[in-house]
Structure formats: C-alpha cells, structure tokens
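Input: a single structure, listed below in structure tokens.
Laboratory data are not the source of any read-out in this text; all were calculated from the coordinates shown. As the structure is a computational prediction, the values presented were derived from the model and not from experiment. Heads up, the Cβs are rebuilt from the backbone with ideal geometry, glycines too, and the neighbour counts pull from every protein chain shown.
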Number of protein chains: 2
Amino acid sequence: MPRVIGYSLKKADGVQALKVAAITELADSPTAVARVAELVVLAVPPQPTLDLLALLANQPPSAAILSDVCSVKAPIVKQALASGVGDRFVGGHPLAGTHETGFAAARPDRFRGCVVYICETGSPGGHRAAAVVADFWENVLEAAPVRIEPEAHDRQLAWTSHLPQAIAYVLAKALSAQGLGGVSFGSGAKDTMRLAASSPDLWVDVFRQNATPLIGALERLGQEAAELRRLLSAGDAEGLRQYLEAARSFRQGIEL
Amino acid sequence: MPRVIGYSLKKADGVQALKVAAITELADSPTAVARVAELVVLAVPPQPTLDLLALLANQPPSAAILSDVCSVKAPIVKQALASGVGDRFVGGHPLAGTHETGFAAARPDRFRGCVVYICETGSPGGHRAAAVVADFWENVLEAAPVRIEPEAHDRQLAWTSHLPQAIAYVLAKALSAQGLGGVSFGSGAKDTMRLAASSPDLWVDVFRQNATPLIGALERLGQEAAELRRLLSAGDAEGLRQYLEAARSFRQGIEL
C-alpha cells in the first residue's frame with residue numbers, strides 16, 4: 001500500500017506508527033482522512049464506531065468505502081444504513097483481538113491467517129464495498145474473509161467470544177473479592193482469566209451492544225455450573241467424569 | 001542426581017524417560033522403587049496417591065521419605081498419618097501443571113522458578129522430611145518451596161486453581177451444548193477454556209477431594225455472574241465499567 005493515512009485520538013500512538021512506517025501519513029482528524037482515502041477502516045470500540053459513522057456520513061463529497069473491526073455487527077450495520085452510507089459501508093470483524101490495546105500491541109502479522117467476518121448492509125452498492133474490503137483483508141493482510149449475516153454474527157459471537165470474555169471478568173471479579181492478593185497462580189489459572197486484563201472501555205461497549213444474546217449465554221452457563229455443583233454435592237464420580245469428558249471433547253475439537 | 005528410578009503404569013512413558021536419560025533405571029513396581037530409594041515422589045492423581053501411600057506404608061523395612069505432587073493436600077496428609085508414615089511423609093504441590101499429561105509433556109525445566117507448596121504432617125519426624133523435600137525442590141529442580149498448612153492450602157487452591165479449572169470445563173460444556181462445532185474461536189476464547197483439555201481422570205479426583213470449598217467458590221462465582229447479568233439487563237454502563245475495572249485491576253495484579 002503506497003499511501004496509508006493514520007489518525008488516533010492518542011497522538012503518541014499515531015506518531016509511533018509513523019516512526020516505524022506502519023503508516024505513511026498522520027492526519028489531524030477522521031474527516032481529514034475520509035476526504036482523501038479510498039478505504040477508511042474504523043478501528044475503535046462500538047460506540048465510537050457508531051459516532052464516527054454518523055460524523056463521516058455527513059462529510060460530503062467523500063465517496064470512500066467505510067468499514068470497521070467491531071466485535072458486534074448488527075448495530076453497526078443498522079447505523080450505516082440509517083446514516084445513508086449503506087452503499088459504501090461493509091462491516092468487518094477480524095478474530096485477532098488480545099487483552100492488549102494501542103499501537104504497542106500492534107504486529108505486522110497480526111491478521112495473517114485469522115478469520116475476518118464480513119457483514120454486508122444489504123444496500124444495492126453494499127456488495128461492491130464488501131468485495132473491496134474482503135480483497136483488502138485477504139490480499140493485503142493475508143487474513144481469511146468469511147461472509148455472515150450481521151444478526152447471525154452477533155448471536156454466534158455472544159457464545160464464542162463475548163461469553164468467554166465475560167466469564168474471565170466474572171472469575172477475576174470473584175477472586176478479587178476473596179482477598180487473594182499476593183498468592184500464587186499457576187499458568188492455567190492465568191490463562192483462564194487473561195482476558196480480564198482487556199480494556200473495560202472496549203468491553204462495556206461490546207457487552208451493551210450485544211446484551212440480549214450475552215445474557216442468554218450467561219444464563220445457560222449458569223445452568224451448566226449448577227449441574228457441576230450438583231454432581232460435586234452428590235459425589236457422583238461417574239457423572240463428573242462424563243461432564244468433564246464432554247467439555248474436554250469440545251475443547252479438543254478446536255485448535256489449542 | 002546419580003540414581004533416579006522411575007515407575008509408570010504406562011510402560012511406554014517409562015521406556016521413553018529411560019531413553020532420554022530422564023531416569024537412570026526403570027522399575028517393575030512402586031514397591032520395588034520404595035525398597036531402595038531414599039526419596040519417593042508419587043506423581044499421580046489424588047486417588048492413586050492415597051492408594052500408593054497405603055500400599056507403600058505396608059512395605060517394611062523401607063525408610064524412604066515419601067512425598068507427592070497433588071493439587072489437594074489435607075486428604076493426602078491425613079492418609080499418610082493414618083497409614084503410619086507421618087514421620088517420613090511430606091505433602092508437595094508444584095504450581096506447574098498444564099492441560100497436558102504423560103512423559104511427552106515433560107520438560108527438564110518444568111519446575112524452574114515455580115512455587116511448590118510444602119505441607120508437613122505435624123508428626124515429630126515430619127519436619128525433617130519436609131526439610132529434605134524442600135531442599136530437593138529448591139536445589140535440584142530450582143523451584144521455590146513455600147510452607148503452608150494442608151487445610152489452608154486446599155481452601156486457597158479451591159479459588160486459585162480448582163475454580164478456574166472448573167469454569168474452563170463449564171464454559172466448554174456450555175459451548176458444546178450449543179452446536180458450535182466448526183465455528184472459529186479467537187485466541188482469547190481458546191485461552192479461557194484451554195484447561196478444559198485437561199485429563200478428566202485427574203480432575204474428577206481433585207474436584208471430589210476438595211468438593212466443599214470448590215462448591216462454595218462456584219456459588220460465589222454464580223453470584224458475581226448474576227450481578228453481571230443484572231448490570232447488562234439494566235443497561236448500566238457505569239456499573240459495568242466499575243465491574244470490569246475491578247476484575248481488570250485484580251488480573252493486572254498478577255503476572256500475565
């Protein structure tokens with residue numbers, strides 16, 4: 001890419017990106033980027049993405065294709081349609097997040113090989129925008145674009161991403177209330193709550209924008225936890241073994 | 001260590017250990033080891049540890065110091081006392097487990113720098129046994145021995161290890177029931193349920209031997225999960241932010 005224009009609310013991150021040539025120019029505002037760019041990728045949490053979409057939609061005569069990287073898609077696509085940019089917006093969501101944020105956590109190969117969900121708006125021009133953005137992910141960033149409907153994406157991610165994220169927070173919250181500061185944790189326990197180190201700014205937004213499916217998933221998880229407690233109370237060794245085997249079998253079915 | 005005698009129910013693991021010189025001899029039975037060893041380390045799940053303690057206690061004239069590596073300590077120490085080996089047993093628990101098992105998962109530096117809990121029996125000779133075993137961990141395996149009472153160990157580990165382990169199983173069990181086979185997971189979600197790939201044989205034992213504190217911890221976790229659901233249902237952005245910040249602050253207080 002001969003020309004990559006960056007903008008960040010955190011000026012230091014933008015300067016750092018420029019210094020290592022991750023971008024070729026640093027802009028003073030999002031609107032300054034949208035005036036000249038062919039493709040604008042909004043890489044911020046859901047609420048700022050919604051705000052930026054509304055802002056950029058009202059900045060003619062930009063014809064830039066717009067996309068995003070949020071972990072929720074239905075509210076973003078709805079906002080794009082409501083803002084009148086349904087013809088030049090397509091939702092994107094790379095499965096490449098970690099608990100880290102900011103330019104310091106960036107890596108040139110961050111997206112290599114990762115699945116990127118692509119959600120069209122359904123507007124007549126949306127299909128062309130999706131083709132451009134899918135091509136960008138596949139051929140520039142070496143990721144694997146996968147088309148999905150926005151609502152199906154959000155229902156699926158409630159389980160596969162937002163629930164694991166929520167349970168890492170719940171676990172760390174429960175431990176924090178136990179006065180366990182200073183005690184030692186094994187690597188497994190650290191893994192299990194690694195996601196609790198993630199940015200609350202980001203995850204308050206995601207959880208709120210996908211609250212209904214996430215509440216359902218948490219309720220289902222609570223039922224599974226209650227079943228484990230029941231097996232423990234009953235001292236049911238065979239029931240426990242079957243429970244753990246079912247869980248292990250699922251976990252082994254996905255890459256470690 | 002000039003002489004290291006190994007025994008495993010899995011003969012192939014023993015042969016493999018001998019081939020790479022992790023052990024210098026392969027024995028035909030645990031009793032054959034105990035007849036000649038100065039220090040016997042039982043490295044098996046809780047129930048086989050209890051069984052082996054009873055077996056080896058009845059094999060005079062062994063005077064070998066006995067120890068173990070189980071994630072529960074009170075039942076093991078109790079069994080050592082009941083078996084009449086309180087003077088030559090000390091409980092051990094290195095915080096070095098992963099989701100893997102068997103010799104293929106062994107590493108020469110597995111214990112370097114890790115905390116090892118040391119639990120004395122309280123018998124007159126138990127103190128000397130503890131000194132020998134703590135020295136073994138510190139000077140041979142380069143680990144960091146930490147003395148703790150068996151009951152305090154089990155209460156603490158219910159929170160710091162058994163609860164994270166249980167919740168990884170609960171999460172994988174909930175996802176397995178959702179028909180999500182074949183969908184993609186991000187690295188964070190994989191981390192959160194990595195422990196669900198652990199051996200059910202091991203964890204059925206641990207959970208059963210520490211059931212009461214673990215049930216209490218699971219109940220507390222359920223209350224924290226209910227609070228998160230309440231904040232989500234109420235759309236309480238500020239409450240959510242405080243909840244996630246408390247969790248994040250705890251997680252950041254322990255090494256990543």
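One table, with the values for the structure above:
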| read-out | value |
| --- | --- |
| Dimensionless Rg ratio for chain A, taking C-alpha atoms and the 2.2 N^0.38 Å reference | 1.15 |
| DSSP bridge pairs, chain B: antiparallel proportion in percent, nearest 5 | 30 percent |
| Net charge over other residues, Cβ less than 11 angstrom from the Cβ of residue A:199 (K, R count +1; D, E count -1) | -2 |
| Segment A:184-256 and segment B:19-60: distance between their alpha carbon centers, rounded to Å | 36 Å |
| For A:250, A:136, order by how many other beta-carbon atoms lie within 10 Å, fewest first | A:136, A:250 |
| Average other protein chain Cβ within 10 Å of Cβ, residues B:153-164 | 4 |
| Computed label-point distance, nm, for sites residue B:39 and residue A:101 using a 7 Å Cα→Cβ extension | 4.8 nm |
| Sites residue A:128 and residue B:178, calculated FRET efficiency, Cβ-Cβ separation with R0 41 Å, nearest 0.05 | 0.75 |
| Highest-MSF residue in chain B out of B:92, B:186, B:216 [GNM, Cα springs under 10 Å] | B:186 |
| For residue B:9, inter-copy label distances in nm, listed shortest first [label point 7 Å out on the Cα-Cβ vector] | 5.7 |
| Shape box of segment B:5-149 [Cα atoms, principal axes, largest first, Å] | 40, 33, 25 |
| Dipole axis of the protein assembly as shown (+1 Lys, Arg; -1 Asp, Glu on Cβ), positive-most option in B:182, B:14, B:49 | B:14 |
| Teacher prompt: residue B:135 distances to equivalent labels in other copies, 7 Å Cα→Cβ, nm | 7.4 |
| Within-15-Å neighbourhood charge of residue B:118 [Cβ basis; K, R +1; D, E -1] | -3 |
| Trypsin sites (Lys or Arg not before Pro) within segment A:1-75, DSSP loop, no more than 10 other Cβ atoms inside 10 Å | A:3 |
| Per the axis that maps chain B onto chain A, nearest residue of B (Cβ criterion) and its distance in Å | B:191, 2 |
| Longest site-free stretch - chain B; sites: GluC sites (Glu not before Pro), DSSP loop, at most 13 other Cβ within 10 Å | B:143-254 |
